[in-house]
1. Which ordering of Met115, Met20, Met41 is given by a fewest-first count of other beta-carbon atoms within 10 Å?
2. According to the Kirkwood expression over distinct Cα-Cα pairs, how big is the hydrodynamic radius of the stretch 40-96, in Å?
3. Quote to one decimal, in nm, the extra length available between Lys62 and Val10 on full extension: 0.36 nm per residue of separation minus the C-alpha distance between them.
4. Only loop residues by DSSP count here, and only those with at most 16 other Cβ atoms within 10 Å; note down the chymotrypsin sites (Phe, Trp or Tyr not before Pro) in the stretch 1-108 that meet that.
5. What's the longest piece of the chain with no exposed trypsin sites (Lys or Arg not before Pro), counting a site as exposed if DSSP puts it in a loop and it has at most 12 other beta carbons within 10 Å?
6. For a quick check of your reading of the filter: which GluC sites (Glu not before Pro) in the stretch 86-171 sit in a DSSP loop and have no more than 10 other Cβ atoms within 10 Å?
7. Mind pulling up the Rg/Rh value for the chain? Radius of gyration and Kirkwood radius, both on Cα.
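Taken together, the values in this text are just the output of simple stated rules run on the coordinates, not laboratory data. All values reported here derive from a predicted model rather than from experimental measurement. Virtual Cβ from ideal backbone geometry, glycine too; neighbours counted across all protein chains shown.
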Amino acid sequence: MDSLAAGGSVIDPKAFRRVMGSFATGVAVVTTSRDGEQFGMTVNSLTSVSLEPLIVLICVVKGSRTGLAIRDRGRFAVNLLNSEQEEISRRFVSREQRSFRRQDASDNVWGVPLMEGALASLVCDVHLVQEIGDHDVVYGRVLHCDSSEGKPLLYWRGAYSALGDWAPVNP
Ligand SMILES: Cc1cc2nc3c(=O)[nH]c(=O)nc-3n(C[C@H](O)[C@H](O)[C@H](O)COP(=O)(O)OP(=O)(O)OC[C@H]3O[C@@H](n4cnc5c(N)ncnc54)[C@H](O)[C@@H]3O)c2cc1C
């Protein structure tokens, strides 16, 4: 199926996906809890939007259970996965396999699941939700952030990857 681009030209969605898949990203699991139930989904659409105030955004496919729970609850956590956490990423993509294990997340004052061993995490309150096309853009105002040592889990051209022996040139 082809899509009509703004200029009137026709773009093959597969070509669009290939192009966007060339943009290497980290991987995060976005979590929330509502009425005692925990929700989580794997995302790579995380973007830093503003420093004053601190705002991030994620894009969530319409109809997503986790997205609806985030909107209802008004709060979510973004857990940036480290290179050892590919299994967690895979688990939070698949509706069939999705479940929190006891060791995944700890109780905390924010009341949303923070994944144990994550490379970094944010806790956000929902600031704004914009419905755009087939996704909702969820803007989160950052309440808390934390980071630890380790290397990120990467996603590039439809596959998981890692930094290998890479080390920062100017740490
Ligand atoms: C590296 C990576 C990055 C990703 N990044 C993103 C991202 O940034 N944003 C994003 O939205 N997704 C992203 N995904 C995909 C996302 O992780 C999965 O779609 C995941 O299942 C969404 O979780 P959910 O809680 O929304 O699931 P679900 O509630 O299962 O919803 C997922 C999709 O299934 C549909 N659906 C729900 N229930 C039913 C049903 N009963 N019958 C038929 N269809 C149904 C929903 O409408 C939605 O389109 C990414 C996946 C990977 C591997």
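1. Least to most surrounded, the residues fall as Met20, Met41, Met115.
2. 12.7 Å
3. 16.3 nm
4. Those that pass, being in a loop and sparsely packed, are Phe23.
5. With a cap of 12 other Cβ atoms within 10 Å, the longest stretch comes to 1-61.
6. Here the sparse-neighbourhood loop sites are Glu96, Glu149.
7. On the Cα set of the chain, Rg over Rh gives 0.98.
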